[in-house]
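See structure below.
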Amino acid sequence: MAEIPWWAWIAIVAIIMWGIIMVANTIAQRPRSNDTTATDRDEIERLKRRVDDLEHRLNRRD
């Protein structure tokens, strides 16, 4: 261990800290499916209806 240069220790510590931060962020992250609000759900439903309408129009032309 004493033969490793000082700058290598900086890289080693940085990699370990990066790993710890990534694990902590992964553990602390909340599920996204519950984050949608009522207005978001309404907008999603409007967009789904619009897509269905456009698909229906497109299929009528065929």
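Bear in mind these aren't lab numbers, they're just calculated from the coordinates by the rules spelled out. This structure is a prediction, so every number in the text was calculated from the model and none was measured. Note that each Cβ is placed from the backbone with ideal geometry, even for glycine, and that neighbours are counted across all protein chains shown.
General observations
- Principal-axis analysis of the Cα atoms of the chain puts helix 6-28 at an angle of about 30° to the longest axis.
- Compared with the direct C-alpha span, the chain from Asp40 to Glu3 gains 7.5 nm at full extension, assuming 0.36 nm per residue.
- (1) 12.9; (2) 16.9; (3) 11.9, with the label sought being that of the calculated Kirkwood radius over Cα pairs in Å: (2)
- Dipole of the chain, positive end: most advanced residue of Pro5, Ile21, Leu58 [Cβ charges, Cα centre]: Leu58
- Here is how the number arises for the chain: DSSP H runs of 4 or more residues each give -39500 (n - 2.57), the sum is divided by the residue count, and the result at 222 nm is -26500 deg cm²/dmol.
- The chain: angle of helix 38-61 to the longest principal axis, Cα-based, in degrees nearest 10: 60 degrees
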